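J.: Take a look at this one; I'll ask things after.
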Amino acid sequence: MPTAPHRYAITPANPGAHLFEVRLTVAAPDPAGQVFALPAWIPGSYMIRDYARHVVSIKAEAGGEPVALASIDKSRWQAAKVNSPLTITLEIFAYDLSVRGAHLDTTHAFFNGPCVFPSVVGQEEGACELEICPPPAPHGKEWRVATSMRGDGAEQYGFGAYRADNYDEFIDHPVEIGDLQIGEFEAGDIPHAIAVRGQARFDMARLCHDLVKICEQHQQLLGKPADLDRYLFLLQVTNDSYGGLEHGWSSSLVCARSELPARGDESVSDGYRRFLGLCSHEYFHLWNIKRLKPAAFVPFDLQAEAYTGLLWVFEGITSYYDDLALVRSGLITAESYLELLGQNMTRVQRTHGRFRQSVEESSFYAWTKFYKQDANATNAIISYYAKGALIALALDLTLRHGTEGKTTLDDVMRECWQRFAESGSGMPERGLEAVAAELSGMELGDFFGRYVRGTADVPLEALLREIGVTLKLRVSEGSSDTGGKAPSGKARAMPWLGARLTSSDGKSVFRFVRANSPAEQAGIAPGDEAVAFDDMRLTAGNLDQHLRGHLAGDKVSISVYRQDELLRFNVRLAERPDDTVWLTLDGDADVGATDRRDNLLGVSA
């Protein structure tokens, strides 16, 4: 163990050039030559990102004298032997404006620990101190600091000293520095806050009120973690973005400004509902992945991939509870929840890859397939988020039906929390399956074999019927139709092309071509630039208009540029598949079914 904490300092040294300066002093370096390492990936985002590639320069010194540093591999360096405190200084380029990265410009600074802080190899259990320094003048006069890391002398939201107990905790506190709007509230008697960066006018009081309901709903389900004594939502507002990343005492979020609640508007818009679902998702991760995690992640090896078939549990089940918490907490109606559920079912229904890959395989190959999707992704892979959420719903309904309501997925998750989180052992690969079978007394091998390890569609129509919900299928009404709603009846069904056009850099490009679709059979390929439909200009914005002028069986010509060559394809349009789901409350359901539904949704009869 080191005799003193590792002392880090970070400075937004050159905002215009997007350069951080990071210093690290090790009081008792390894006598054989201290090794330093930057992580290759960040927990919660399962792809090798090689953060060391952003290091512009690195040097070492001890006692005021330079010390030689030798590169061991792409992300590790070893210092020459010294017998006194050793300091390394890194210059790091930061221009990744995502929840997974680091970003610095003249308007703000943001960083995740894995992007900027090297570990002291062999001494990762030592305490870490951090000095967050202000940028040079004239930048940052109004900047404040938002992080869940414990202050160690720094004033709240101020520059100065912070501290973490060890390296794993140290890099689990993202930091946002800028002109921030901050709202504070308590949930379950625990201090919470949300720090918002970006130009936005919204109802902060309402947002905090609604976050209280979400946070307390999740706390009631699984109980408050013993070490949860504060929580921070970090939110970056942009014109059109969406995403999040979970941390042990905080989350990093990004959303479109239009999704935040407008002052004076008490309705729940589709955008605000989506944002609340994002907050709910990341908060549920406090339990499900940050403290209860796969055994393969105990401990993390941030230099290499960590393979597990359980991401469907930790992301799919979280995706089930994120929207369920909205209706259970009273923020949305049962009908609104069913719309969200229908949209997710539609996403899965439209993914041909569900016939080719199981969610267990999707989890295992996240590193090379789910996070590195290519033009064939929709035909070859399935999302462990989307289908995982449907499996969670099906498992919950199966348990409730098979035990007459005595065992639910809530019970299974609580037992998994007690058994695998508090022990620190992590969940074994068949852990959730074993707990569900043990608590319910049911034989669930066929369920997990078919829907988790196999590629069978989840039998939700029959399961939902048992709780008075009717599942219906229809054809899509156009490229913007995400499902969840009844047919509008405003336009007749258009024929099917089976390819998606998107706008990129002023061009309309075919991004995905569905397997066995008319587009694929004709020869249209992902990456083709759209030119004309029957010799009329074709764009992402007018494809639906062109299709509405035809019937299934019509033959049309589509012209594209492929690597600057003009190609023309004759396409025979087909009947559009019934791949759009919408759900309704069954008004004729018996009392038992409606009681079961109300119990699931947490609503009063």
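J.: What number, in nm² with one decimal, is the all-direction average of the projected area of the convex hull of the alpha-carbon atoms of the range 499-572? Intermediate values should be presented prior to the final figure.
T.: On the way: hull surface 17.9 nm².
Hull-based average projected area comes out at 4.5 nm².
J.: Could you work out [θ]222 nm for the chain from helices alone, using -39500 (n - 2.57) per DSSP H run of at least four and dividing by all its residues? Round to the nearest 500 deg cm²/dmol. Mind dumping the intermediate values first?
T.: Working: 16 runs with 150 residues, N = 605.
Value at 222 nm, helices only, nearest 500: -7000 deg cm²/dmol.
J.: Continuing with this model, one more query. With an 8 Å cut-off on Cα pairs and a minimum separation of 6 or more residues, tell me the relative contact order of the chain in percent. Kindly include the intermediate steps, with their values, before the conclusion.
T.: Values: 1284 pairs, mean separation 59.3, N = 605.
Worked out over the chain, it gives 10 percent.
J.: Would you mind ranking Val268, Val237 so that the residue whose beta carbon has the fewest other beta carbons within 10 Å leads the list? Don't jump to the answer; show the numbers that get you there.
T.: Numbers: Val268 16, Val237 20.
Least crowded to most crowded, the residues run Val268, Val237.
J.: Quick one: in the chain, what % of C-alpha pairs are over 30 Å apart?
T.: Working: 107276 of 182710 pairs.
When all Cα pairs of the chain are counted, 59 percent exceed 30 Å.
J.: Follow-up question, since we're still on this one. Could you let me know the centre-to-centre spacing of the range 355-388 and the range 519-550, using Cα atoms, in angstrom?
T.: The range 355-388 and the range 519-550 have Cα centres separated by 27 Å.
J.: Report the full-extension gain for the segment Met442 to Ile190: residue separation times 0.36 nm, less the Cα-Cα distance, to one decimal in nm. Display every interim value, and only then the final one.
T.: On the way: separation 252, 0.36 × 252 = 90.72 nm, distance 3.82 nm.
Using 0.36 nm per residue and subtracting the Cα-Cα distance, I get 86.9 nm.
J.: While we're on this one: Once phi is turned into θ = phi - 60°, what whole-Hz ³J(HN,Hα) does the Karplus curve with 6.51, -1.76 and 1.60 give for every residue of the range 532-547, x standing for Gly and Pro?
T.: Karplus values, whole Hz, x for Gly and Pro: 8, 10, 6, 6, 10, 3, 10, 9, 4, x, 10, 4, 4, 4, 4, 5.
J.: Ok, one more. Compare the peptides 381-387, 238-244 by average per-residue count of other Cβ atoms within 10 angstrom and give them in order, highest first. Kindly include the intermediate steps, with their values, before the conclusion.
T.: Numbers: 381-387: 25.1, 238-244: 14.3.
In decreasing order of mean packing, 381-387, 238-244 become 381-387, 238-244.
J.: If you take the beta carbon distance between Asn239 and Asn83 as r and set R0 to 56 Å, what does 1/(1 + (r/R0)^6) give as a FRET efficiency, to the nearest 0.05? Spell out each step's value before the answer.
T.: On the way: r = 55 Å, r/R0 = 0.98.
The computed FRET efficiency comes out at 0.55.
J.: Let me ask you something else. Between the helical axis of 431-440 and the dominant principal axis of the chain, each derived from Cα atoms, what acute angle in degrees is found, rounded to the nearest 10?
T.: Between the helix axis and the principal axis of the chain, the angle is about 60 degrees.
J.: Please state, as a whole number in µm²/s, the translational diffusion coefficient that the Stokes-Einstein equation yields for the range 1-178 at 20 °C and 1.002 mPa s, with Rh defined as the Kirkwood radius across alpha carbon pairs. Can you show the working numbers first?
T.: Working: Rh = 16.3 Å.
The estimated diffusion coefficient comes to 131 µm²/s.
J.: Compute the long axis of helix 386-402 from its Cα atoms, compare it with the longest principal axis of the Cα atoms of the chain, and write down the angle in degrees, 0 to 90, nearest 10.
T.: 70
J.: Using only alpha carbon pairs under 8 Å that are at least six residues apart, calculate the relative contact order of the range 179-269 and give it in whole percent.
T.: Values: 148 pairs, mean separation 26.1, N = 91.
That works out to 29 percent.
J.: Quick one: helix 591-601 against the long Cα principal axis of the chain, what's the angle to the nearest 10°, folded into 0 to 90?
T.: 30
J.: Run the numbers on the range 246-286 and let me know its relative contact order in percent, using alpha-carbon pairs under 8 Å that are six or more apart.
T.: On the way: 27 pairs, mean separation 22.4, N = 41.
The value is 55 percent.
J.: List the lysines whose Cα sits under 30 Å from the Cα of Lys224, skipping any in the same chain fewer than 8 residues away.
T.: Within the straight-line cut-off, Lys224 pairs with Lys213, Lys290, Lys293, Lys387, Lys406.
J.: If the cut-off is 14 Å between C-alpha atoms, which aspartates and glutamates fall inside it for Lys485, apart from same-chain ones fewer than 8 positions away?
T.: Within the straight-line cut-off, Lys485 pairs with Asp270, Glu335, Glu339, Glu477, Asp578, Asp579.
J.: Within 10 Å of each residue's Cβ, count the other Cβ atoms and sort Asp481, Asp96, Asp578 from fewest upward. Don't jump to the answer; show the numbers that get you there.
T.: Working: Asp481 16, Asp96 19, Asp578 12.
Result, fewest neighbours first: Asp578, Asp481, Asp96.
J.: A further question on this structure: Ignoring GluC sites (Glu not before Pro) that are buried or in helix or strand per DSSP, and keeping those with at most 10 other beta carbon atoms within 10 Å, what is the longest stretch of the chain between them? Show your work: numbers first, answer last.
T.: Numbers: sites that count: Glu142, Glu155, Glu266, Glu404, Glu443.
My reading of the result: 444-605 is the longest stretch.
J.: Still on this model: Residue-wise, which Karplus ³J(HN,Hα) couplings in Hz belong to the range 312-322, taking 6.51 cos²θ - 1.76 cosθ + 1.60, θ = phi - 60°, and x for glycine or proline?
T.: Here the 3J(HN,Hα) series is 4, 5, 7, 9, x, 5, 4, 5, 6, 6, 5 Hz.
J.: Ordered by residue, what ³J(HN,Hα) values in Hz, to whole numbers, does the range 336-353 give under the Karplus form 6.51 cos²θ - 1.76 cosθ + 1.60, where θ = phi - 60° and Gly and Pro are x?
T.: 5, 5, 5, 5, 4, 5, x, 5, 5, 4, 5, 4, 5, 4, 8, 9, 5, x
J.: Mind checking which lysines have their Cα closer than 18 Å to the Cα of Lys81? Skip sequence neighbours fewer than 8 apart in that chain.
T.: Of all the lysines, those that pass the test against Lys81 - Cα under 18 Å, at least 8 places apart if same chain - are Lys59.
J.: For a quick check: sort Val435, Val513, Val603 by the number of other beta carbons within 10 angstrom, fewest at the front.
T.: Numbers: Val435 20, Val513 25, Val603 14.
Going from least to most buried by this count: Val603, Val435, Val513.
J.: Something else about it: If amide H atoms are built 1.01 Å from N in the plane of the peptide, which residues on other chains or at least 5 residues away come under 5 Å of the amide H of Ala154?
T.: Ala161
A short reminder: the numbers here are calculations on the coordinates, not readings from a lab. Source: prediction; values computed, not measured. Every residue, glycine as well, gets a Cβ built from its backbone with ideal geometry; the counts of neighbours run over all protein chains shown.
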